[in-house]
Amino acid sequence: NCHGMAGDREEVDEVDEMCVEGEVASERQDAVMAFEKPPALSGKAAGSDWEEGKTVLPGDRELISKLTAPFAEGGTPVLQVGVGLSQQDSHLVVHRAGTLRIIVKSATSKAGSNIRIWIEASGRRYYPCMQDIVIGVVTGKGGDDFRLNIRGPSVGILPALSFEGATKRSRPKLEIGSLVFCRVLHAYRDAEPELTCISLTHKKGWMTGSAMFGELQGGFMFEISIGYAHSLLHPDSHIISCLGRQMAFEIAVGTNGRVWVKAENVEKTVLAVNAIRNAEHLERGQAEAMVEALTKFSRNK
Amino acid sequence: NHADGSARFVFKGTAVLAGVFGPREGRAAIKASDESVITVNWNRGDGLSGSREKEYETIVRNILEAVVVRSQDPLCVIEVSLQAVTESGGSLSAAINAAVVAVIDAGVAVEGLCAAVTVALMHDGSILLDPTSGEEGSARGVMTVTLRGHDHALLSSVVSGKVGEEELLTAIEAAGDAVSTVLTFIRMAVEKRLEKEQRCW
């Protein structure tokens, strides 16, 4: 009975999720493009100094009308307010210290401009968000779910059957302390986030070695700040390309600031871990020199 | 490195270190269903804890409860740990400033910045901002005034000694400029930190 109902819900969720995933994918593309070339806000309204890339602190405020004024042609602009900002009467107020990010989709014939504004901030505590991919550590086993520590305000729940091709008879047995590479299915402020290892695109079963999500075996996991994790996920991450030129390794990065690395042997794994950890505080040129120094040291031993 | 956010506030001879852990899941006895709970712990160097420490903990907690957006993290606990590394006057102000910056560093949602200054009222009627412990000792009254950043609204004033009503209001006004200086300094420190992150990643 329970399984029947859960199955139905999964189907409905899946359809919604596919739409969301499509949207999210294009949003991510937009976000990546914006990351590479921040859009120039032409014709800033007089008096508004809120521009893309500005460092803001909690309490900073700006009139909403000033933010939307430059994009008023073609219809009423829509302002989508994201993380770290909130509306108070006619002002937008900053709640987190960080960098202001603004993406503008220009007006089309049907709709006015769409302005997205949010605060990009790094930190150590992860706030779960739907569709994020995270690395969790198993801290407890219930009857039919696992409890994972995902570095957030509460533990995440991973149902035992939320693995590709898992049935009551064949499902993964995770021990306390195992690492799981999974996806956030639902994230609510007042309840624990729900996780899943079922992918919408890669349909390989959990028993084969090539499932998209699942347990991470071997290797070494360490924690970094959230902002650094985001930069590692970028396709042109400097430190990962540097390291990749020197050695072969497998890496999984969780949006919750956790990195798992696996290389040929223990020595190479430790080298990779140290290189990635150090690069958080080094500038690009220094990071390259550091990777070369580490590799030379390990070869000369 | 273990804390989610940390800050050290140093002014003349006083240095206070603040560490923030959270927001994280709270014990059943502590957590509230609709907002986060803030707990403050003041560590003295020698491990003992007296009434002065308890009083300071309550003051810092009340100020943080006024600035933190507590509805953002229901069922969570935000633990603030304060340590006065060296004390030579104005340790409560330094602690308040360190706690606020540490909370911002931890990424907790905060309505706005605030800063505290110490004001000493001397026997000859003069007002001293940020007195040393010697000046505090020979003052008629000592006030720790906390003002909100964007409109200088009074968040907290802690008075010890003998201070008249007019004198208190004058002191709060005098604190206004000093608070602006502290806030500019905090802004510079945060900008410098963010700029370094952007260069490295």
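The values are calculated or read from the model by the stated rules, or taken from the named source; none is laboratory data. It should be emphasised that the depicted structure is a prediction, and the values quoted were computed from it without experimental measurement. Because the Cβ atoms are built from the backbone with ideal geometry, glycine has one as well, and the counts that use them run over all protein chains shown.
When you go through (1) in a loop (DSSP other than H, G, I, E, B); (2) closer than 30 Å to A:His91 by Cα; (3) in contact (Cβ under 8 Å) with a residue 60 or more places away in the chain one by one for A:Ile119, which number turns out not to apply?
(1)
Residue-wise test of (1) surrounded by 15 or more Cβ atoms within 10 Å (Cβ to Cβ); (2) at pLDDT 90 or above; (3) part of a strand (DSSP E or B); (4) within 14 Å of chain B (Cβ to nearest Cβ).
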{"residue": "A:Leu79", "(1), (2), (3), (4)": "yes, no, yes, no"}
{"residue": "A:Ser154", "(1), (2), (3), (4)": "yes, no, no, yes"}
{"residue": "A:Ala166", "(1), (2), (3), (4)": "yes, no, no, no"}
{"residue": "A:Leu185", "(1), (2), (3), (4)": "yes, yes, yes, no"}
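With the checklist (1) crowded, with 23+ Cβ neighbours inside 10 Å; (2) at negative phi; (3) in a strand (DSSP E or B) in hand, flag the one item B:Val60 doesn't pass.
(3)
Being within 17 Å of A:Phe181 (Cβ to Cβ) and either within 13 Å of the chain's Cα centre (by Cα) or within 14 Å of chain B (Cβ to nearest Cβ) (or both) is the filter here; which residues of the range A:241-257 pass it?
Quick first cut of the range A:241-257, residues within 17 Å of A:Phe181 (Cβ to Cβ) only: A:249-257.
A:Ala252, A:Val253, A:Gly254, A:Thr255, A:Asn256, A:Gly257, listed by residue number.
Considering only residues that are without any contact (Cβ under 8 Å) to a residue 40 or more places away in the chain and either more than 14 Å from chain B (Cβ to nearest Cβ) or part of a loop (DSSP other than H, G, I, E, B) (or both), look in the range A:84-104 and name the one that is nearest to B:Asp4 (Cα to Cα).
Looking at residues that are without any contact (Cβ under 8 Å) to a residue 40 or more places away in the chain and either more than 14 Å from chain B (Cβ to nearest Cβ) or part of a loop (DSSP other than H, G, I, E, B) (or both), I get A:Arg96.
Just one of B:Val80, B:Val108, B:Val101 is in a strand (DSSP E or B) and either within 14 Å of chain A (Cβ to nearest Cβ) or touching a residue at least 60 places away in the same chain (Cβ under 8 Å) (or both); which is it? Walk me through it before giving the result.
On the way: B:Val108 fails: in a strand (DSSP E or B); B:Val101 fails: in a strand (DSSP E or B).
Testing whether each residue is in a strand (DSSP E or B) and either within 14 Å of chain A (Cβ to nearest Cβ) or touching a residue at least 60 places away in the same chain (Cβ under 8 Å) (or both) leaves just B:Val80.
State which residue is modelled with the lowest pLDDT when the search covers only the range B:159-173 and only residues that are surrounded by fewer than 17 Cβ atoms within 10 Å (Cβ to Cβ) and small (Gly, Ala, Ser).
Selected residue: B:Gly164.
Can you name the condition, by its number, that B:Glu53 falls short on among (1) part of a loop (DSSP other than H, G, I, E, B); (2) out of contact with any Gly (no Cβ under 7 Å at 6 or more places or on another chain); (3) farther than 27 Å from A:Val93 by Cβ?
Looking at each condition in turn, B:Glu53 falls short on (1).
Being over 28 Å from B:Gln198 (Cα atoms) and not in a loop (DSSP other than H, G, I, E, B) narrows it down to one residue among A:Gly136, A:Gly112, A:Gly140; which is it? Don't jump to the end; show me each part of the working.
Working: A:Gly136 fails: over 28 Å from B:Gln198 (Cα atoms); A:Gly112 fails: not in a loop (DSSP other than H, G, I, E, B).
From the options A:Gly136, A:Gly112, A:Gly140, the qualifying one is A:Gly140.
Any chance the range A:222-240 includes a residue that's away from every other protein chain (no Cβ under 14 Å) and in contact with a strand residue (DSSP E or B) (Cβ under 6 Å, 6 or more places away or on another chain)?
no
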